[in-house]
Amino acid sequence: MTRAKNREDSPPPLTLEVHPATPDCRNDLERLFGPRGACGGCWCMWWRLTAKQFEQQKAAGNRAAMKRIVQSGEIPGLLAYADDDDEPIGWCAVAPREAYPRLARSRVLKRVDDAPVWSIVCFFVAKPYRRSGVMRRLIVAAIDYVRLRGGTILEGYPTEPKSERAPDLFLYHGIPSAFAESGFVEAARRSERRPIMRYVIDQARAEEGLTLNG
């Protein structure tokens with residue numbers, strides 16, 4: 001078995017607490033993302049904007065946009081904390097698919113069907129905690145969070161690493177093995193390296209939603 005498939009195999013060496021990114025967590029999100037906004041001034045706004053919008057408000061504009069989202073009471077994702085520390089160490093962007101219009105414009109990640117779904121589109125883990133199981137713990141927490149919010153299907157859009165040495169930041173969509181080990185199954189693959197993976201939270205309600213929307 002290759003190292004790439006084992007990036008999240010080992011249990012985390014710390015106890016995590018995961019909380020929704022509510023308005024009182026805004027400063028925690030900013031501390032975790034740091035001056036680069038997680039990566040290249042993104043501030044986890046890539047999937048929420050057109051390419052033109054993203055470039056126009058990159059960095060400071062994206063930071064302000066994410067701040068407005070959190071302050072509005074909309075929950076854009078989950079924050080992970082080490083149990084013995086108040087410092088945020090991980091992030092998972094999860095929301096109803098409609099929150100991410102760029103998904104609808106993607107040839108590779110367009111809808112599988114008409115079922116209402118929630119989507120995990122991004123992860124960010126602080127450097128000292130990477131490859132320690134934080135991603136998988138965030139995925140499991142996302143399942144519980146979406147269940148509590150009444151969601152029936154949760155999707156992820158991970159990237160197959162090109163090699164064992166793929167930089168961690170290039171895998172911000174997650175890796176397939178972490179989703180599979182959390183109970184997700186592949187629902188579609190329109191690109192060699194970008195499967196659509198699904199976790200069905202409530203089969204009966206998911207089928208009802210598909211019937212109503214189909």
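For first residues located in the stretch 14-33 and under 16 Å from E74 (Cα atoms), partners that are in a helix (DSSP H, G or I) and of a type in the set (D, E) and lie 6+ apart or on another chain with Cβ distances below 8 Å form the pairs A21/D28.
Only a single item in (1) in contact (Cβ under 8 Å) with a residue 60 or more places away in the chain; (2) more than 21 Å from L29 (Cα to Cα); (3) surrounded by 21 or more Cβ atoms within 10 Å (Cβ to Cβ); (4) not hydroxyl-bearing (S, T, Y) is not met by V94, and it is number (2).
Looking across N27, N62, one residue alone is modelled with pLDDT of 95 or more, over 13 Å from the mean Cα position of the chain (by Cα) and either over 22 Å from R136 (Cβ atoms) or not β-branched (V, I, T) (or both). It is N62. G183 falls short of the stated requirement of being small (G, A, S), crowded, with 21+ Cβ neighbours inside 10 Å and modelled with pLDDT of 95 or more. Only a single criterion out of (1) touching a residue at least 24 places away in the same chain (Cβ under 8 Å); (2) more than 16 Å from the chain's Cα centre (by Cα) is not satisfied by C122, namely (2).
Taking the listed residues L103, L138, the one that is part of a helix (DSSP H, G or I), within 21 Å of A188 (Cα to Cα) and modelled with pLDDT of 95 or more is L103, with no other qualifying. For V117, the conditions (1) at pLDDT 95 or above; (2) under 24 Å from D24 (Cα atoms) all hold with the exception of (2).
Each row is one residue, and each column tells you yes or no for (1) within 14 Å of W43 (Cα to Cα); (2) not in a strand (DSSP E or B).
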site: N62; (1), (2): yes, yes
site: I69; (1), (2): yes, yes
site: D86; (1), (2): no, yes
site: A95; (1), (2): no, no
site: V112; (1), (2): no, yes
site: A115; (1), (2): no, yes
site: I120; (1), (2): no, no
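The values are calculated or read from the model by the stated rules, or taken from the named source; none is laboratory data. No experiment lies behind these values; they were computed from the predicted model shown. As a convention, Cβ positions derive from the backbone with ideal geometry for all residues, glycine included, and neighbour counts pool all protein chains shown.
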